[in-house]
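S.K.: Sharing a structure, written as structure tokens. Questions coming.
The values are calculated or read from the model by the stated rules, or taken from the named source; none is laboratory data. Treat the numbers as computed from the prediction; the structure is a model and nothing was measured. In this analysis, Cβ positions are derived from the backbone assuming ideal geometry, glycine residues included, and neighbour counts consider all displayed protein chains.
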Amino acid sequence: MTPDAQHLSSLLAAIPNGVQECNLDGVITYNNPKLQQMLGYAADELTGLSIFDLIYSSSERAKVKGCLRPLIAKQPKPSAYATICRHKNGSPIAVLIDWAYLRDENGELTGFISLISNDTEQKILQNQLRKERDQAQHCLNAAQFMIVTLNRNGNITLINKKACDVLGYSVDHLLNQNWFELCLPVSERQTTSQYFNKLISGDIESVEYYENTVITSTGEERLIHWHNMLQYDEDGGICGTISSGEDITEKIIAQKEHTKLFEQIRKAQKMEALAQLTNGIAHDFNNILASILGYADLTLDSLYEMGDQNELVRYIGEVIDEGEKARDLIAQMLAFARTNANTSSEIPLNPAPLIKELGKTTQASLPNNIKLSIDTDLNIPKILIDPAQLYQAMLSLLDNARAAIEKKGGYINLNITHVSGLQAKCASCQKTFSGEFVEVSVADDGDGIETNMLNNIFEPFYGGHENGRTTGLAGVHQIAHDNHGHILIDSIPGYGTNVRLLFPQYKPQQTATVVKPKREPSHIGQNKNILIVENDESIARLQSELLQSKGFITKVFSDTYQALDYFKAETEKFDCIIVEQNMPSLSGLEFSEQILQLHPGIPIILSSNTEQVSATHQNIKEILIKPVSSKILTDKICSILKIENK
């Protein structure tokens, strides 16, 4: 055997498939060891046999024989075919045969060469791979999360059933489609695809968790929380991404509904608290009015009788004092009625009267087996808090204390005190705090709270106590911390609980002491012209007479349109304007806007019965909340007009 022939024989022997040559009569002229092993023959046993003898089925054998002569005559393009061969022991073997023509040096057809592979092994391997693939796909489809893999172009290379269900497409429709063009809203496509391209290029680091919106086949938008990982090829380069996602659309909607429901409950509690507070305030307000009227009668009698002027001054002083009390009560009611429960009042509040009134109204509603004691100090420091929020928080604590002891009866103590030098850890936010505080607390002698429940009682709707102690404590937590406060809980199982709310003591800025003159100087107005627009004739008359007594010249209107027409004719006459916000035709702000178009430089004072007025124009110099004392009104005008008031 020549070296070339030996080399060729070695190559054929190394081929993992069977190799067979036959002449035009179908007689086998060559076969390699792999074919011998496959069919169970020893070396040289196959040579000289007919290929027809190796066909298992007689019908297939006859068919192949019938095709041999036409094949030699027409010589069509070879194509692979599958058949069943006979093993030496007589058993069938499924094979796949690829073949070609053999020609001599003149190009004449001399025979055929075939490459024979065991199709049974191939099918077993394919079945195994198919089973593994199906099992992997089954696991992916069983996952409760969306699973999506993308290649470098952003095309979908794998997607599971959950993702298809969320998106509303079949697997076949999604595979090889561009994720960004098909599954993202138009508003997010460009930004997200640009980020993906930078990620694939390695220009930026991957964000493991993020949320974005996908769009379904019906056009519905769904919010998905994704967990992402990069995929790498054999060389360590980034070749794509794999992401698992959770559809959190319903969860977010549920959270919003939960928040909305919780806010509705808070508003309902606030309305209940408002009704109780109004009853108490109305009672006190009637007493104040009686005092005001009584001192007014004494003043009138003193004027008739021309009695002791010192007594007259005292009577008027009492009227003013009682009027200021009435003003403070009305301010408290207006603050309570504000709809925004998440902002602290800017007016310092002495909480003692409010807590005392709450105790009185609560005491009347308690059953006979529950006794309430109230311990308040009326000289307690002030705090910055919305009275409605404080009332609501304390009402919730009282309701919980009552629920804890209503079956067996007991005692509740409502207490307010000043605490200084305190350093402690908040029971709800777990932060350490220190300083001077006003403490309002509710204590009961019930069963107490178990230690393992203390970490949960501030969760919304947590129902850890059979008597419902934890109702409302999430709201108490919110109110306390909205107003920079904290919560302490002293509870011993079997002995009782004391819930303590601590609010920072209000410390006003230190200002120089101003000595109030006994009598304001007259004729300080220097003949300055003041336009007064006020719908209450008595207040308009009072303001006009007051300013005239100080040397100002006034013009009064109760209709904004009449005032506007007059001002158009006398634009340069007036030095300042006082206008009521709640005018029936044009509001004070609307009137001011038109005035400032006519005279941009004129200063304006806006008055109102509430604090819910905001003005951004620089020439609206002041917003005064009624009732306004004569001194405050005079001082404001003098300050605006730069008039010395000494």
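One line per residue, one yes/no per condition, for (1) without any contact (Cβ under 8 Å) to a residue 60 or more places away in the chain; (2) of a type outside the set (D, E, K, R); (3) closer than 15 Å to ILE620 by Cβ:
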{"position": "ASN535", "(1), (2), (3)": "yes, yes, no"}
{"position": "ALA540", "(1), (2), (3)": "yes, yes, no"}
{"position": "SER549", "(1), (2), (3)": "yes, yes, no"}
{"position": "ASP565", "(1), (2), (3)": "yes, no, no"}
{"position": "LYS568", "(1), (2), (3)": "yes, no, no"}
{"position": "CYS576", "(1), (2), (3)": "no, yes, yes"}
{"position": "LEU596", "(1), (2), (3)": "yes, yes, yes"}
{"position": "LEU606", "(1), (2), (3)": "yes, yes, yes"}
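S.K.: Scan segment 384-411 for residues that are assigned to a loop (DSSP other than H, G, I, E, B) and in contact (Cβ under 8 Å) with a residue 60 or more places away in the chain and jot them down. Please lay out each step first, then the result.
M.R.: Quick first cut of segment 384-411, residues assigned to a loop (DSSP other than H, G, I, E, B) only: 385-386, 406-409.
ILE385, ASP386, GLU406, LYS407 - these are the residues of segment 384-411 that are assigned to a loop (DSSP other than H, G, I, E, B) and in contact (Cβ under 8 Å) with a residue 60 or more places away in the chain.
S.K.: Taking ASP445 as meeting all but one of (1) more than 29 Å from the chain's Cα centre (by Cα); (2) surrounded by 15 or more Cβ atoms within 10 Å (Cβ to Cβ); (3) at pLDDT below 90; (4) farther than 19 Å from LYS425 by Cα, write down the number of the exception.
M.R.: Against the list (1) more than 29 Å from the chain's Cα centre (by Cα); (2) surrounded by 15 or more Cβ atoms within 10 Å (Cβ to Cβ); (3) at pLDDT below 90; (4) farther than 19 Å from LYS425 by Cα, ASP445 comes up short only on (3).
S.K.: Those residues that are of a type in the set (Gly, Ala, Ser) and either closer than 19 Å to ALA403 by Cβ or touching a Leu at 6+ places or on another chain (Cβ under 6 Å) (or both), I need them from segment 435-457; list them, please. Even if it seems obvious, please write down each step before you answer.
M.R.: Residues of segment 435-457 of a type in the set (Gly, Ala, Ser): 435, 441, 443, 446, 448.
If the condition is that a residue be of a type in the set (Gly, Ala, Ser) and either closer than 19 Å to ALA403 by Cβ or touching a Leu at 6+ places or on another chain (Cβ under 6 Å) (or both), then SER441, ALA443, GLY446, GLY448 are the ones that fit.
S.K.: List every residue pair whose Cβ atoms lie under 7 Å apart, where the two residues are 6 or more positions apart in sequence or sit on different chains, the first residue falls within segment 4-32 and is farther than 22 Å from PRO70 by Cβ, and the second residue, located anywhere, is among the aliphatic types (A, V, I, L, M) and modelled with pLDDT under 80.
M.R.: VAL19/LEU12; ASN32/LEU12; ASN32/ALA13; ASN32/ILE15
S.K.: How about segment 74-89: which of its residues are farther than 17 Å from VAL19 by Cα and at pLDDT below 90?
M.R.: Passing the criteria: none in range.
S.K.: Identify the residue in segment 572-609 that is hydroxyl-bearing (Ser, Thr, Tyr) and modelled with pLDDT under 90 and, among all such residues, is nearest to ASN527 (Cα to Cα).
M.R.: The qualifying residue nearest to ASN527 (Cα to Cα) is SER607.
S.K.: Moving on. Anything in segment 197-220 that is at pLDDT 90 or above and in contact with a helix residue (DSSP H, G or I) (Cβ under 7 Å, 6 or more places away or on another chain)? List them, or say none.
M.R.: Of everything in segment 197-220, those that are at pLDDT 90 or above and in contact with a helix residue (DSSP H, G or I) (Cβ under 7 Å, 6 or more places away or on another chain) turn out to be THR213, VAL214, ILE215, THR216, SER217.
S.K.: Restricting to segment 412-429, and then to whatever is of a type in the set (S, T, N, Q) and part of a strand (DSSP E or B), can you tell me which residue is farthest from GLU357 (Cα to Cα)?
M.R.: Looking at the filtered set, the residue picked out is GLN423.
S.K.: Of everything in segment 553-570 that's in contact with a Ser or Thr (Cβ under 9 Å, 6 or more places away or on another chain) and surrounded by 14 or more Cβ atoms within 10 Å (Cβ to Cβ), which residue is nearest to THR634 (Cα to Cα)?
M.R.: Filtering segment 553-570 for residues in contact with a Ser or Thr (Cβ under 9 Å, 6 or more places away or on another chain) gives 554-556, 559-561.
Next, from what is left, pick out any that are surrounded by 14 or more Cβ atoms within 10 Å (Cβ to Cβ): 554-556, 559-560.
Values: THR554: 13, LYS555: 16, VAL556: 17, ASP559: 24, THR560: 23 Å.
Restricting to residues being in contact with a Ser or Thr (Cβ under 9 Å, 6 or more places away or on another chain) and surrounded by 14 or more Cβ atoms within 10 Å (Cβ to Cβ), the top hit is THR554.
S.K.: Let me ask something else. Looking only at segment 160-180, count every residue that is more than 28 Å from the chain's Cα centre (by Cα) and touching a residue at least 12 places away in the same chain (Cβ under 8 Å) and tell me the total.
M.R.: The qualifying residues number 9.
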